[in-house]
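Below: one structure, written as structure tokens.
The numbers here are math on the coordinates, done by the rules we state, and not lab data. Keep in mind that what you see is a predicted model, and the values were worked out from it rather than measured. Methodologically, a virtual Cβ is constructed for each residue, glycine included, from the backbone with ideal geometry; neighbour enumeration extends over all protein chains shown.
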């Protein structure tokens, strides 16, 4: 079956939204031009039967009304910036506070709400582009972003590329929600997770990092060996009780900038195992704690709390306000390059 580009819907202003379908062997993926969102990702289970492991919606209205960022590309700055404030080159910037007192995922109209341009498409690859003008969401600089989705024989690669004409922040990610038992199968608590990280960044009650880089040793944040996602998410551990479960950044082992294996998830129901390989220094593991009230999903699936999990590869949250975190500044003349591969083994 060849890759196709088909109408999906239209926005209230009449702008067309398209669905881009990629195939490679037994794998199939569809991506929307709205938000560059992964709408489906079909992989074979242990018996060779197709299973859609990515959450998504059937209507444009649901994509526009949902507040969970399901499947979308995120920018300019993925995750949170405390109080929506940062200083760059001696200039103070104030961003939208769209998550309580804090800035989240690029602001009121982030990249998840934009129509991305299709630069090219083949059977197994699509290249999307977006230009974010100087001052958009009060970020400095004209930022040009290119995201390449490649459906490999054994997984999905997402490659990020960005340049700017003025120093700015750049921290791009994808907010796909996975359920390896199938997108409509219910809570993910029995699926297992492991993350190769000896430390994580604790947060305050608003999910803003305190600046500490803490050891996972002896805590429910120690995911270095596989554990059921739901085994500890309700533990009486302050970091988990404040976030209603896992919603934290892990400091990944290995060298940032090098594509390396950093996490693994598994469903015993389907036998599907997913590895995460990335070049980024951090990963946000989110156990779907705030999915309550989510619109009905594809095929009438009643998505609810903890029906999916996210593994968002990233720089650290609130990085511009912590000198000990990796820099999230993209300078003029530099090229932002990161890659993440969700590999099924």
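Given (1) surrounded by fewer than 20 Cβ atoms within 10 Å (Cβ to Cβ); (2) within 30 Å of residue 24 (Cβ to Cβ), where does residue 334 come up short, assuming only one miss?
(2)
Out of the residues in the range 46-64 that are in a strand (DSSP E or B) and touching a residue at least 60 places away in the same chain (Cβ under 8 Å), state the one that is farthest from residue 130 (Cα to Cα).
Only one residue tops the list, namely 51.
When the range 8-26 is examined, which residues are found to be part of a loop (DSSP other than H, G, I, E, B) and touching a strand residue (DSSP E or B) at 6+ places or on another chain (Cβ under 7 Å)? Talk me through it step by step, then tell me what you get.
Within the range 8-26, the subset part of a loop (DSSP other than H, G, I, E, B) is 11-15, 25-26.
11, 15, 26 - these are the residues of the range 8-26 that are part of a loop (DSSP other than H, G, I, E, B) and touching a strand residue (DSSP E or B) at 6+ places or on another chain (Cβ under 7 Å).
I want to confirm something. Restricting to the range 45-84 and keeping residues that are surrounded by fewer than 24 Cβ atoms within 10 Å (Cβ to Cβ) and within 12 Å of the chain's Cα centre (by Cα), which single residue is farthest from residue 19 (Cα to Cα)?
68
Scan the range 100-124 residue by residue and report those that are without any contact (Cβ under 8 Å) to a residue 60 or more places away in the chain and in contact with a helix residue (DSSP H, G or I) (Cβ under 8 Å, 6 or more places away or on another chain).
Across the range 100-124, the qualifying residues are 103, 106, 107, 108, 109, 110.
Report yes if some residue within the range 36-45 is in contact with a helix residue (DSSP H, G or I) (Cβ under 9 Å, 6 or more places away or on another chain), within 20 Å of residue 150 (Cβ to Cβ) and part of a loop (DSSP other than H, G, I, E, B); otherwise report no. Reasoning before the result, please.
Kept after step one, since they are in contact with a helix residue (DSSP H, G or I) (Cβ under 9 Å, 6 or more places away or on another chain), are these residues of the range 36-45: 36-37, 39-40.
Applying the additional criterion that residues be within 20 Å of residue 150 (Cβ to Cβ) yields 36-37, 39-40.
Adding the requirement that they be part of a loop (DSSP other than H, G, I, E, B) leaves 36-37.
Yes: one or more hits.
Can you name every residue in the range 214-244 that is farther than 16 Å from residue 80 by Cβ, in contact with a strand residue (DSSP E or B) (Cβ under 8 Å, 6 or more places away or on another chain) and surrounded by 17 or more Cβ atoms within 10 Å (Cβ to Cβ)? Spell out how you get there, then give the answer.
Start the filter on the range 214-244 by keeping residues that are farther than 16 Å from residue 80 by Cβ, which leaves 214-238, 240-241.
After this cut, where a residue has to be in contact with a strand residue (DSSP E or B) (Cβ under 8 Å, 6 or more places away or on another chain) as well, the list is 214-216, 221, 223-229.
Of everything in the range 214-244, those that are farther than 16 Å from residue 80 by Cβ, in contact with a strand residue (DSSP E or B) (Cβ under 8 Å, 6 or more places away or on another chain) and surrounded by 17 or more Cβ atoms within 10 Å (Cβ to Cβ) turn out to be 216, 221, 223, 229.
If residue 127 passes every condition in (1) surrounded by fewer than 17 Cβ atoms within 10 Å (Cβ to Cβ); (2) closer than 28 Å to residue 6 by Cα; (3) free of Cβ contacts under 8 Å to residues at least 24 places away in the same chain but one, which one does it miss?
Tallying (1) surrounded by fewer than 17 Cβ atoms within 10 Å (Cβ to Cβ); (2) closer than 28 Å to residue 6 by Cα; (3) free of Cβ contacts under 8 Å to residues at least 24 places away in the same chain, residue 127 fails exactly one: (1).
Across the range 65-81, what is the total count of residues that are in a loop (DSSP other than H, G, I, E, B) and under 15 Å from residue 113 (Cα atoms)?
As a first pass, look at the range 65-81 and keep what is in a loop (DSSP other than H, G, I, E, B): 66-72, 75-76, 78-79.
Restricting the remaining residues to those that are under 15 Å from residue 113 (Cα atoms) gives 66-72, 75-76, 78.
Of the residues in the range 65-81, 10 are in a loop (DSSP other than H, G, I, E, B) and under 15 Å from residue 113 (Cα atoms).
Look at residue 257 and say whether it is in contact with a strand residue (DSSP E or B) (Cβ under 9 Å, 6 or more places away or on another chain) and buried (at least 17 other Cβ atoms within 10 Å of the Cβ). Show your work before the answer.
Values: in contact with a strand residue (DSSP E or B) (Cβ under 9 Å, 6 or more places away or on another chain): yes; buried (at least 17 other Cβ atoms within 10 Å of the Cβ): no.
Here the answer is no, as residue 257 does not meet what is asked.
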